[in-house]
């Protein structure tokens, strides 16, 4: 088991190097630091001194890959590639344009993101599985048919409209909760409620359909026929046998996204004014803060690879037939 | 009027895609195994209704994809100068909608502006009031009293005309069917009305009726009112929503076209295995591990920087917006080919062990021949299903990306941009709701039709679900 985890972690290294190279090419080669400085400072009427100052402030005033001017190890370490790209491996994210440490911001903003993402995931999963069981139980009937159509209708509405509709109905018309904002601790509940409800409803349509298919697939298997042959009621078959077995693909599917929950939801957070990582990213994109975007790209892929690893491990824990070799 | 044909990059790709689709239809017509699943799709009432709706969306998008630059009126001594403004055929058809701009917001069907202005009366007194619109409801003497009756009368007249056209279409179609089946008209009419035809023509005709009535109604009324109001700069929202159709369809379809060459790497990986497989798997795991939105954001940011530094490469605003749209399709394609490639790799791994491939190897066929003639045709159904299924997701993604600020160019009309601008006005009283309504209705109808249609297509093509 441990040997497996170690090997998988080693596999992750080339992938992270690939991500790192890709971001390096995107951010520094496609457009030189001079171009970025000019785009930031306004294209016209910008002096070379201003560009040099902008670059020096951010540490972009070095050669890209090889520093001919430096001696010894400095040839490699005194470069943008070493200082900006390779440093990401040590989770040294550097500073944002406003001078704050990106690493510090990330660890502070993680918690509001989790406060939204975790309840959304748990409640959403519960609701979707319940409805999917209901549809699977009444499969082939009008409940199943119209339930399926309702799911498709819910999937056809853009997530933006769920947010706008939720804000308008619950926040503005009924005055149940504030439209946006955030507060840590118990008082934060009123701020969290609306984003969570909107997040759950937004993901419901596709979730129900996916889980219904999983349940129906399980229903076609041999052990279900055996259970029926034993004379178990359809309810018993569905809610104990099928549900238990279908939880394997459902849970392993969830494990993949667990680490990425830290990143939060871009849209929800920015609409509801939650100071999480999602809104941090959006603000960075809109302010063209390249350092933050680069850090988030790297962090995102680390978390994704972690999710893949956790998935494989959880397979063995849930299903003893799967052996890791 | 003379003009200069000026196809944009996305236009050319749309023509290409159209040619591919037509070629596919022509090929599929002659092959029974390709026709069979489509016949099943055509037999479904839901699928036919959705298909017709999708075609109705396609029409304005295609009209909007033929761009040209009109000649300027004052041609000096024989030399013709062309306007820098790039127009499309849709712009010409909807000239009244395009040119009749008000000052700022106005609600649907209203005759007054949304904001109060200081107006000087004839007797010199200055009052703050809602001024009359320049175009919307301008033909009315006293809007408060006449408006309701006028709208009703015009609607009835338009619906009546639309109904006549629909009847004509019905008669023509049934006559055509009767002629092809060599049946008397009465008999065919009976069959169609009772739904006893192979393709559910009664559903087709009902859907066509609804579409024709809507077109007649909107065409008649948009000449006198702004039927979906106007936006911040006074532009007709109905016109903007029509123009947005092309943006949505381009992103939904061209992205998949971009994915195809990349996804074929999956076939190569599955066929050659070994180091080719390793490399392809490495590439798609790496790309997959970057969160989509972030990769798109990074790429679009870099494009913005490039465009800001090289303004000379993009001489018209239309060209600039078009390059950004194309680039968005490209980057969306790069983030989304991985799923398809993985599916194709798995399928190819299975196919390459089958007898007919082994037979081809034994007969001395080369790699290229085996891949091109034996493998690709047999994985095409996966490509088709993925293409149809991903369409609606891409249309929805456009709105979200435009909201984040990494979607289409702000000057491109799109539903995402409409929602984004309406969001800023949410707090105003009374609320500016018509932009949201327009984007919602247009997007929802398109995505719903696409979702229902793709469901049927998947059912027909997915061998796992098909019972032979």
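FYI, it's all coordinate maths here, none of it is from the lab. All values derive from a computational prediction rather than experimental measurement. Quick reminder, even Gly has a Cβ in these numbers, built from the backbone with ideal geometry, and neighbours come from all protein chains shown.
The relative contact order of region A:17-90 comes to 26 percent, based on Cα pairs under 8 Å that sit 6 or more residues apart. For the protein assembly as shown, list log₁₀ I(q)/I(0) at each q in 0.05, 0.06, 0.09 Å⁻¹, using the Debye formula over Cα point scatterers of equal strength and ignoring solvent, two decimals each. Log10 of I(q)/I(0), two decimals: -0.32, -0.46, -1.08.
Taking other C-beta atoms within 10 angstrom as a stand-in for reagent exposure, B:154, A:321 fall in the order A:321, B:154, fewest first. Here, region A:17-90 has an Rg and a Dmax of 13.2, 40 Å when only alpha carbons are counted.
Mean per-residue shielding of peptide A:285-294 is 3, counting Cβ atoms of other chains within 10 Å of each Cβ. For region A:107-318, the alpha carbon positions stretch 63, 43, 32 Å along the principal axes, listed from largest to smallest.
Could the peptides B:113-125, A:101-113, A:204-216 be put in order, highest first, of the mean number of other beta-carbon atoms found within 10 Å of their residues?
Values: B:113-125: 11.1, A:101-113: 17.4, A:204-216: 19.8.
Per-residue mean Cβ counts within 10 Å order the peptides as A:204-216, A:101-113, B:113-125.
Packing-based ranking of B:182-192, A:260-270 yields A:260-270, B:182-192, ordered from highest to lowest mean Cβ neighbour count within 10 Å.
Per-residue ellipticity at 222 nm for chain B, helices alone: DSSP H runs ≥ 4 residues times -39500 (n - 2.57), over residue total, nearest 500 deg cm²/dmol?
Working: 16 runs with 311 residues, N = 468.
Result for chain B, helices only: -23000 deg cm²/dmol.
The label-point distance for residue A:247 and residue B:445, in a model that sets each label 7 Å from Cα toward Cβ, rounds to 4.6 nm.
Projected onto its three principal axes, the C-alpha set of chain B covers 98, 69, 56 Å, listed from the longest axis down. Within 10 Å of the Cβ of each residue in B:447-454, the mean number of Cβ atoms contributed by other protein chains is 3.
Which of B:99, B:230 comes first, and how do the rest follow, when ranked by fewest Cβ neighbours within 10 Å?
Numbers: B:99 11, B:230 30.
Ranking B:99, B:230 by Cβ neighbours within 10 Å, fewest first, gives B:99, B:230.
Compute the relative contact order of region B:333-468 as a whole-number percentage, counting only Cα pairs closer than 8 Å that sit 6 or more residues apart in sequence. Provide the component values of the computation, followed by the final result.
Details: 82 pairs, mean separation 28.8, N = 136.
RCO, region B:333-468: 21 percent.
Residues A:292, B:212 in ascending order of nearby Cβ atoms (within 10 Å, fewest first): B:212, A:292.
Taking every residue in A:265-274, how many Cβ atoms of other protein chains lie within 10 Å of its Cβ, on average? Don't skip to the end; give the middle numbers.
Working: counts 0, 7, 5, 0, 0, 2, 2, 0, 0, 0.
That works out to 2 on average.
As a length-normalised measure over Cα pairs under 8 Å and 6 or more apart, the relative contact order of chain B settles at 20 percent.
Overall shape of region B:1-156 was characterised from the C-alpha gyration tensor. The equivalent ellipsoid obtained from it has semi-axes of 46, 28, 12 Å, in decreasing order.
Sorting the segments B:63-72, B:435-444 by their residues' average number of neighbouring beta-carbon atoms within 10 angstrom, most packed first, yields B:435-444, B:63-72.
Once you have a ≥ b ≥ c as the square roots of the Cα gyration tensor eigenvalues for region B:228-344, tell me rounded if a/c is under 1.5, and otherwise prolate or oblate according to whether a/b is larger than b/c. Here region B:228-344 falls in the prolate category.
Using alpha carbon centroids, what distance separates region B:428-447 and region B:81-115, in Å? Result: 18 Å between the Cα centres.
Using the rule -39500 (n - 2.57) for each DSSP H run of four or more residues, divided by the residues of chain A, the 222 nm mean residue ellipticity is -21000 deg cm²/dmol.
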